[in-house]
Amino acid sequence: MTVTLPAFVTALTQRLLLFALLWWLLTDGQHEAALFGAPFVLSAAVLSTVTRFRGQVLSASLWPARPLALMRLIGFFLWHSLRGGLDVTLRAFRRPLPLKPDLIDYPLRLPPGPTPILMASLVSLMPGTLAVICEGRLRVHVLDRHSDWYRDLERLEQRIGDVYHIDRAQWNDVPNHSDHN
Amino acid sequence: MLASLSVVLLLAGAAFFLGGSVGMLRFPDVYTRLHALTKADNLGLGLVVLGLMLQAESLAAVGKLFVIWLLLLAASATASQLVASWAQENGFAPWRG
Amino acid sequence: MQYFYFALILFLLLTLVAGLWRIRRGPTPADRMLAAQLFGTTAAAILLVLAEVSDAPALRDVALVLALLAAITVTAFTRRARISLPPGDDDAR
């Protein structure tokens, strides 16, 4: 990866702001704490930026490539985790229990790297799905196998791919699942 | 106005905590219980945090509540996935209705 | 208002009892670990409300620590349990 100066400066500024904000929050905005925090915020930001631009596979980061798509992912996620909490709470109070659980393989289309990890973490907060990692593959435990959980997860995957600017060409091929359920 | 909105959010949050606990008691196996716990409790916490943010004394406190919620969300999602994967690896078959 | 907060805290404490019951019943070790997760989230919520009502912002840091400890407990449990000891070696644990 070639590094241009503006890209480096942008990345460094973003990190400086983020880390400074975190330090400010964790120390309840005390002025004395800022004195101690400043050198560490600075060195952490520089280190993080340098590592980012080494361009090694190992240092592939979860730093979002596209802020706008990230906003959409956050909105999508918040809305669906609200739905998920509501759904499971209503189920808990029904009698008899409205559960038709199943454990199903979910073929990831995201390429290997950090994005499947993010995907697996978010799946458990989506309505009616729970991520189970088994032998390096993602399986999904669903509360109701007749719900349209599959469509939700496909959309989630697409949103994550958008944030990290993942080319559709890079996506793994998956047999057509429109006949699912 | 702000105070009553805060009360509504706190009550709604408490309702989801109750839902999570009821699910944890009533659901038939470890996987379904994880569903109840992860989703309902995190939503409950989110609403409680939101309600407290409206009452917080400073901007730093608001931000801190938000960071706490974010960290808890990440911790809880990771923990539930670890427990579910552990149960799967150790051969606990899911209950099927 | 004060009474409302205390009632809320009491209510959240009662939902924690469900976790204690689950620890007693099990039946699998994973079910018992669920209680750790429940305690992490619910106790954090209780501490955050307490920080507000008793005007002790430091309790927020306690909530943070408690929640992260719960996550570490679960992680340690799953890592440790993955080391499969040879059969009959159970008392070596």
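Results, tabulated for the structure shown:
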{"item": "Cβ neighbours within 10 Å from other chains - mean over A:136-149", "result": "2"}
{"item": "Folded to 0 to 90 degrees: helix B:2-26 orientation relative to chain B principal axis, Cα", "result": "10 degrees"}
{"item": "Neighbouring partner chain Cβ atoms per residue of B:45-56, average, 10 Å criterion", "result": "4"}
{"item": "The stretch A:5-54 - percent relative contact order, Cα under 8 Å, separation 6 or more", "result": "50 percent"}
{"item": "Order of A:Trp149, A:Trp23, B:Trp95 - criterion: other Cβ atoms within 10 Å of each residue's Cβ, fewest first", "result": "B:Trp95, A:Trp23, A:Trp149"}
{"item": "Sequence of C:Met33, A:Met119, B:Met53 once ranked by neighbouring C-beta atoms within 10 Å, starting from the fewest", "result": "B:Met53, A:Met119, C:Met33"}
{"item": "Exercise: per-residue mean of other protein chain Cβ atoms within 10 Å, C:62-70", "result": "3"}
{"item": "Rounded, prolate or oblate (a/c below 1.5 giving rounded, otherwise prolate when a/b exceeds b/c) for the stretch A:5-54 by Cα gyration tensor", "result": "prolate"}
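No lab work stands behind these numbers, since they all come straight from the coordinates. On a predicted model such as this, the values are computed, not experimentally measured, just so you know. Note: ideal-geometry Cβ built from the backbone for every residue, glycine included; neighbour counts use all protein chains shown.
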